[in-house]
Amino acid sequence: MSLTEGQRSSLLALQLGRVLFDEPMSRHTSFRIGGPVDAWVKVRDEVALMNLLQWCKREALPVFPLGGGCNLLVRDGGIRGVALRLGKGFRRLAFVRDPASELQDEGSEVDAVSRFSASVEAVGGVAEPHKESGVALPVDEDGRVRLHVGSGVVVPTLLRFCVRHGLGGVEGLGGVPGTIGGALVMNAGTHEGELGDVVEELYVVDGQERRVLQPTEFSFSYRKLVLPEGALILGALLALRPRSGEQVQQEIRELVHYRKNTQPTGLPSAGCLFKNPDVGPPAGKLIDEAGLKGLQVGGARVSEVHANYVVSDGKAQAADVLELMDQVKNRVQSIHGIDLRPEVRVVGSDPPG
Ligand SMILES: Cc1cc2nc3c(=O)[nH]c(=O)nc-3n(C[C@H](O)[C@H](O)[C@H](O)COP(=O)(O)OP(=O)(O)OC[C@H]3O[C@@H](n4cnc5c(N)ncnc54)[C@H](O)[C@@H]3O)c2cc1C
């Protein structure tokens, strides 16, 4: 059900940032799939965020935090309530010991990034040649360099920052699309490392309260972050280590190159659909061995390049992908006796009727 006229005008009157009503989520996910959300709001800064959260509470509307939409399958009936995007005020990167170093992630509007996120090359490449920043690194006594990063920063911007300043620790995120907020929630990464490896603190809004979470209050594991329920992540404190910028760039490039040769690019997807089992072969191998490459439902197809990717022909519905996921899961279960768990987050509701 859409918002009432009264709700729409009171939301607009708050002047929080950009607001869109009955907005198709297919415009905000890398899969290009998803029914409408009642309201899509990009909050300008923290004050606007707090006002929005209060308003949603008053109106009893659920809030769905949205990053780049690169790990989402939104059902065809869409999302009730408000999809919340963090805007400009959440796109800051700065050394803790040198706040003057602050860099505002201006250019990387994530909507544009996620639009091309099916192309690993487009989002993962650290294309420009390595150039030292010339800024002396503020190294702490333990040899680490600490960095504040906002949830709205996109991953490629963090990687570029690390190449430029010579910082190691997040190379394993080479080619991963999306925002830092999403990457924290998903503990995104590759076999070369995950974002959670370098996180020391999380800045969150828990209820209406802004809090700094210490490591005793959260835990990262494979594609998972456990934190107080409903907490919205504003940013994180990362502990990185000085490393030659050229080496950092080289490692990221190799990873991006590897992905280009082993993963589908150019077609809408949400990355790997299933998590790898704790032991044994990865999900892609299990699906491949079950002979499922090319299996198709409607506009959704198991990729011939990497069996753990489902790609859309641009017209796929969420129902097609869900049906395909079911078929894959059942076949892998009957052939290998392994229960695949989804990595992609399935959200929203089915269409009425
Ligand atoms: C081509 C392609 C390749 C990919 N390769 C990889 C890979 O190699 N490794 C990997 O790990 N992933 C990969 N992914 C998946 C995806 O890029 C990651 O999961 C990414 O971290 C998601 O970030 P996002 O900003 O798009 O999050 P979204 O998809 O928008 O959101 C993911 C989850 O995080 C929640 N969320 C987002 N922001 C916040 C916030 N600020 N506070 C609280 N909750 C929040 C959302 O509600 C949702 O539950 C790939 C995806 C694509 C399309």
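The values are calculated or read from the model by the stated rules, or taken from the named source; none is laboratory data. All values reported here derive from a predicted model rather than from experimental measurement. Note: ideal-geometry Cβ built from the backbone for every residue, glycine included; neighbour counts use all protein chains shown. Note: accessible area is taken over every heavy atom of the protein model, side chains too, but ligands, DNA and RNA are not part of it. Shrake-Rupley method; radii C 1.70, N 1.55, O 1.52, S 1.80 Å.
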Counting only residues that are in contact with a strand residue (DSSP E or B) (Cβ under 9 Å, 6 or more places away or on another chain) and at positive phi, the range 180-234 contains a total of 3
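Per-residue answers, yes or no, for (1) under 18 Å from Leu73 (Cβ atoms); (2) at pLDDT 95 or above; (3) open to solvent by 30 Å² or more (accessible area, probe 1.4 Å):
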position	(1), (2), (3)
Pro268	yes, yes, no
Ala283	yes, yes, no
Leu286	no, yes, no
Gly299	yes, yes, no
Ala319	yes, yes, yes
Leu324	yes, yes, no
Val328	yes, yes, no
Ile335	no, yes, yes
Val344	yes, yes, no
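With respect to Gln214, determine if the residue is without any contact (Cβ under 8 Å) to a residue 24 or more places away in the chain and of a type outside the set (D, E, K, R). Can you show your working first?
On the way: without any contact (Cβ under 8 Å) to a residue 24 or more places away in the chain: yes; of a type outside the set (D, E, K, R): yes.
So Gln214 passes the test.
If a residue must be more than 11 Å from the ligand (Cβ to nearest atom) and open to solvent by 70 Å² or more (accessible area, probe 1.4 Å), how many such residues does the range 191-204 contain?
As a first pass, look at the range 191-204 and keep what is more than 11 Å from the ligand (Cβ to nearest atom): 197-201.
In the following step, the residues that additionally are open to solvent by 70 Å² or more (accessible area, probe 1.4 Å) were identified as 197.
Counting residues in the range 191-204 that are more than 11 Å from the ligand (Cβ to nearest atom) and open to solvent by 70 Å² or more (accessible area, probe 1.4 Å) gives 1.
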Within the range 266-279, work out how many residues are over 14 Å from Leu324 (Cα atoms) and in contact with a helix residue (DSSP H, G or I) (Cβ under 8 Å, 6 or more places away or on another chain). 3
Condition first: part of a loop (DSSP other than H, G, I, E, B), modelled with pLDDT of 95 or more, within 13 Å of the ligand (Cβ to nearest atom) and farther than 22 Å from Asp206 by Cβ. Can you find one or more residues in the range 47-68 that meet it? yes
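Residue by residue through the range 53-83, note down the ones that are among the aliphatic types (A, V, I, L, M), surrounded by fewer than 23 Cβ atoms within 10 Å (Cβ to Cβ) and closer than 20 Å to Arg210 by Cβ.
Our first condition is that a residue be among the aliphatic types (A, V, I, L, M); within the range 53-83, this holds for 53, 60-61, 63, 66, 72-74, 79, 82-83.
Going one step further and asking which of them are surrounded by fewer than 23 Cβ atoms within 10 Å (Cβ to Cβ), we end up with 53, 60-61, 63.
Leu53, Val63 - these are the residues of the range 53-83 that are among the aliphatic types (A, V, I, L, M), surrounded by fewer than 23 Cβ atoms within 10 Å (Cβ to Cβ) and closer than 20 Å to Arg210 by Cβ.
Inside the range 231-244, can you point out the residues that are surrounded by 14 or more Cβ atoms within 10 Å (Cβ to Cβ), part of a loop (DSSP other than H, G, I, E, B) and more than 9 Å from the ligand (Cβ to nearest atom)? Lay out the reasoning, then the answer.
First, the residues of the range 231-244 that are surrounded by 14 or more Cβ atoms within 10 Å (Cβ to Cβ): 231-243.
Then keep just the ones that are part of a loop (DSSP other than H, G, I, E, B); that gives 231, 243.
Passing the criteria: only Arg243.
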Examine the range 223-230 for a residue that is more than 23 Å from Leu53 (Cβ to Cβ) and either within 12 Å of the ligand (Cβ to nearest atom) or modelled with pLDDT under 95 (or both), and state whether such a residue exists. yes
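Among the residues of the range 29-43, is any among the acidic types (Asp, Glu) and part of a strand (DSSP E or B)? Talk me through it step by step, then tell me what you get.
The initial filter retains those residues of the range 29-43 that are among the acidic types (Asp, Glu), namely 38.
Add one more test, that the residue is part of a strand (DSSP E or B), and what stays is 38.
Within the range 29-43, one or more residues are among the acidic types (Asp, Glu) and part of a strand (DSSP E or B).
Pick out the one residue from Gly174, Gly169, Gly207, Gly182 that is open to solvent by 10 Å² or more (accessible area, probe 1.4 Å), more than 8 Å from the ligand (Cβ to nearest atom) and touching a residue at least 24 places away in the same chain (Cβ under 8 Å). Give the steps one after another, and end with the answer.
Values: Gly174 fails: open to solvent by 10 Å² or more (accessible area, probe 1.4 Å); Gly207 fails: touching a residue at least 24 places away in the same chain (Cβ under 8 Å); Gly182 fails: more than 8 Å from the ligand (Cβ to nearest atom).
Every option except Gly169 fails the conditions.
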